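Structure record follows, encoded as structure tokens.
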Amino acid sequence: MEESYAVLMKNITKKFSSTVANYRVDFDLRKGEIHALLGENGAGKTTLMRILYGEIQPDEGEIFVWGKKTVVKSPSHALRLGISMVHQHFRLVDSLTVAEHLALCSSEVRFLSKRKIENLVAEYFKEYYLKVDLDAHIWQLSAGEKQKVEILKALIRGARILVLDEPTSSLTPLEVKDLFRVLHKLRNRGYAIVFISHKLGEVLEISDRITILRKGKKVATIPASEADPVTLAKLMVGDLPSPAKNTHTSPPGGEVLQVKSLYVKNDRGGIAVRGVSFSVRKGEIFGVIGVAGNGQRELAEAIAGLRKPVKGEIFFRGILVNGSGPRELARRGLAYIPEESFKTAVLPELTVAENSILRYYWRFTEKGFIKKTLVEKWAKSLIKEFDILAEGLHVKAKSLSGGNLQKLVIARELSSKPELLVAVNPTAGLDISASQRTREKLLEIKAQGSGVLLFTEDIDEALQICDRIAVIFKGSFKGLFSREEADVNKISLLMAGVDL
Amino acid sequence: MNDLELLAHESIAAGTVLLYATLGEILAERSGVLNLGLEGIMMLGAITAFALSITTGSVVLSILVAFAVGCLAGLLHSAVCVSMRGNQVVSGLALAMLCAGISSVLGRNYVGVPPRTILSAVKVPILSEIPCLGYILFQQNILVYLAYIVAPLLWFILFKTKIGVAIRACGDDPLSAESMGINVHLYRYLCTVLGGGFAGISGAYLTLSYTPFWVENITAGRGWISLALVILSTWSPLRAVLACYFFGFCEISQYWLQTLKLNPYLLGTIPYLATIAAISVVSVEKIRKLVGAPRALGKPYPED
Ligand SMILES: Nc1ncnc2c1ncn2[C@@H]1O[C@H](COP(=O)(O)OP(=O)(O)OP(=O)(O)O)[C@@H](O)[C@H]1O
Ligand SMILES: [Mg+2]
């Protein structure tokens, strides 16, 4: 066994009842390389890495870590072997603070002394720009901030093998740049890194080698220098979908949503949204673009009726709705895809079918009882239309892969024929074709006359489908562009807080 | 010493019975294990300590063995709930009945037996001379003093040490805890076992000091009250001290107020009203996030 191999996985097979998540997969990871794992939603990427991390045991196959044959029994065993994994859906304890998490990962800290923890992270804060508020509780953090905590955890632990499962799906271009700088540094210091992403551009930029999985099987491992987006997409799915185009030009209708000098507080009690005013018209996609943590979540939650504004007014279809609950808004035709939808938009213990009607379950009742046949028919049609990979209608939602869970939420919300759809990063965690399909669907409901309020961190996505784009920074809008006048450079500068 | 001082002194003595069981349960629940068996474990601790004090005459030995027996009961509960992932409510109720049964069998020959030794009050030098407070706080028995140390210590461990963070992680989100390398099962075992031991000490305190004799059902529901107190103190050992002494005060003042022609039964409801109020307060979203129940309380790990 060559010493330069940090990890060698041979012939890994893993079945979940009827699904074969991995079939005879070989995977190797060298010291000092970034190795990307590519594949469609449900291809088995997460499963393969969870096997390496000792969270699940393979049915067949062998694992070598640093040249030694090893059975990774548990995550704590993996951590002792120097393997650390950052999960697609973060593994952070909501009620604990950032400092407490970091303390858990350090062998030096026994007591929670603020100074000690500050010293511990000072180096990483400086070197890697991974600054986070140490006293904040996890539930108060945005997805981007949680990501930073996860990476800090791994670094503090001194892991040499780092698995990042879709780390960028919740990050903004600038944050991605920061992350890549960190990863480059780590690679040059001999760390071995597995990088899972659906964004081909990122993969080509950061990785040294790329392994492609398709329906549980390994298709190929190729050096990144010999790869290009078209070949990769072909290896993954067979063909690259052509990007959706916003061609619908008929003038938008009346205003479905009006927001007037809105102020909203965040969970920490600070003002997150400062005097935002805008309106969304029927048949229009209004994009709000910004770096995570600039008030998007609070603004979206206020509009969805989940958070009471401090000041200002929200009119939905002409009626003042400050303080209306989510159910009333849903009845009036509001659909909502939240950030981290796997946490707040699905009930993991319920079945796929049950989850598919959560937003409007009352439509499936007869004399107060849920009609099972109706629900099944509905769920089936959603699964088909949105190409959701599930073992059946009656498996628990939590057995779905990350992307398929997201698709389920999108399917449910888009199919409610909403008057207004509020979507926060809907394509996060989706593979290329699923992202494309989602954008097409957004354009489709727009063409049918729905208004769409799209929060996104992806400039390309915004430019591709939005009719108007506002940039949000520190809770206020910094600029409003129509699609024709939108300009990538201007927008990125505004997103970074540069005043033009 | 006036009446009020005596009232306060007695309240603390009465509250201490509840305090050990409550602290133990806080520890177990913080790690995610609900132990409804407290009442039974207290009885078991009570009879063990009483029987041993009669046969050996050693108070210290009695307390230690009562603690050990409580630990054993906790071990049984964790074996069922943690290793075998059984239903915690069912196991806890079964444990309560099992222990109650065992303790009445063990106690058959001890009904009406006069105590041989009891935990006598020990004056703390200097401190007990403080006017008013000296008598209330520092002329009590050893177990009361031990509680003065155990409660803040437990608070310190839970909130200021890494071990405490790990315990809370197990109770809030065992999946995340496990992927941070925490051995969830081990922590849950330790906390539940220790929690049982504390309930055993509660029982010992009862028969060695508070009501130094043995009758069946000597705990008179104190185990169940402790479960409510855990909620009232919102899973904090320090608030538990206040809550337990307050309950102790309510218990004692009932006797006093009878002489004042106030309805003692009405007064007896105050602790429960306070608990209901506490439960309503902690169910408010914002507050729940700060001081609410451990999120994974009562759920086996791994789930399914
Ligand atoms: N615990 C489980 N029980 C049953 N099926 C599972 C479980 N975990 C994963 N699967 C199934 O295994 C397959 C592979 O899932 P996996 O999570 O590895 O996909 P993935 O490549 O990470 O996809 P995504 O990009 O959507 O995250 C999926 O079909 C999924 O439904
Ligand atoms: Mg995945």
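The table for this structure:
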| quantity | calculated |
| --- | --- |
| Residue list for the stretch A:177-201, restricted to those being within 16 Å of A:MET236 (Cβ to Cβ), modelled with pLDDT under 90 and not aliphatic (A, V, I, L, M) | A:HIS198, A:LYS199, A:GLY201 |
| Failed criterion for B:LEU227 (all others in (1) modelled with pLDDT under 95; (2) open to solvent by less than 10 Å² (accessible area, probe 1.4 Å) hold) | (2) |
| Flag for A:LEU120 being within 14 Å of chain B (Cβ to nearest Cβ) and either farther than 22 Å from B:LEU290 by Cβ or in contact with a Cys (Cβ under 8 Å, 6 or more places away or on another chain) (or both) | yes |
| Selected residue [open to solvent by 10 Å² or more (accessible area, probe 1.4 Å), in contact with a helix residue (DSSP H, G or I) (Cβ under 9 Å, 6 or more places away or on another chain) and in a loop (DSSP other than H, G, I, E, B)] from B:LEU76, B:LEU61, B:LEU36 | B:LEU36 |
| B:TYR135 touching a His at 6+ places or on another chain (Cβ under 7 Å) and farther than 28 Å from B:GLU303 by Cα | yes |
| Subset of the stretch A:388-412 (residues that are open to solvent by 60 Å² or more (accessible area, probe 1.4 Å) and either at pLDDT below 90 or within 16 Å of ligand 2 (Cβ to nearest atom) (or both)) | A:LEU389, A:GLU391, A:LYS398, A:SER399 |
| Elements of type helices (runs of 4 or more DSSP H) in the stretch A:66-165, at least 2 residues being more than 27 Å from A:LEU29 (Cα to Cα), open to solvent by less than 40 Å² (accessible area, probe 1.4 Å) and assigned by TED's automatic domain parsing to the domain that holds A:LYS185 | A:98-105, A:114-128 |
| Whichever residue in the stretch A:91-104 is within 8 Å of chain B (Cβ to nearest Cβ) and not charged (D, E, K, R) and, among such residues, is nearest to A:THR47 (Cα to Cα) | A:LEU92 |
| Only listed residue being of a type in the set (S, T, N, Q) and farther than 17 Å from B:LEU18 by Cβ, chosen from B:THR211, B:THR192 | B:THR192 |
| Which listed residue, of B:LEU64, B:LEU133, is under 20 Å from B:THR207 (Cβ atoms), free of Cβ contacts under 8 Å to residues at least 24 places away in the same chain and either in contact with a strand residue (DSSP E or B) (Cβ under 9 Å, 6 or more places away or on another chain) or aliphatic (A, V, I, L, M) (or both) | B:LEU64 |
| Residue ID - nearest to the other protein chains (Cβ to nearest Cβ), chosen from residues in the stretch B:177-189 that are free of Cβ contacts under 8 Å to residues at least 12 places away in the same chain and surrounded by fewer than 21 Cβ atoms within 10 Å (Cβ to Cβ) | B:GLY181 |
| Any chance A:SER435 is away from ligand 2 (no atom under 16 Å from the Cβ) and away from chain B (no Cβ under 14 Å) | no |
| Flag if A:ASP178 is open to solvent by 50 Å² or more (accessible area, probe 1.4 Å) and among the acidic types (Asp, Glu) | yes |
| Which listed residue, of A:GLY293, A:GLY333, A:GLY312, is surrounded by fewer than 23 Cβ atoms within 10 Å (Cβ to Cβ), farther than 14 Å from A:VAL422 by Cβ and out of contact with any strand residue (DSSP E or B) (no Cβ under 6 Å at 6 or more places or on another chain) | A:GLY293 |
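The values are calculated or read from the model by the stated rules, or taken from the named source; none is laboratory data. Only a predicted model underlies this, so the values are computations on that prediction, with no experimental measurement involved. FYI the Cβ positions are ideal-geometry reconstructions off the backbone, even for glycines, and counts take in every protein chain you see. Calculation scope for accessible area: heavy atoms of the full protein, side chains included, ligands and nucleic acids excluded. Shrake-Rupley method; radii C 1.70, N 1.55, O 1.52, S 1.80 Å.
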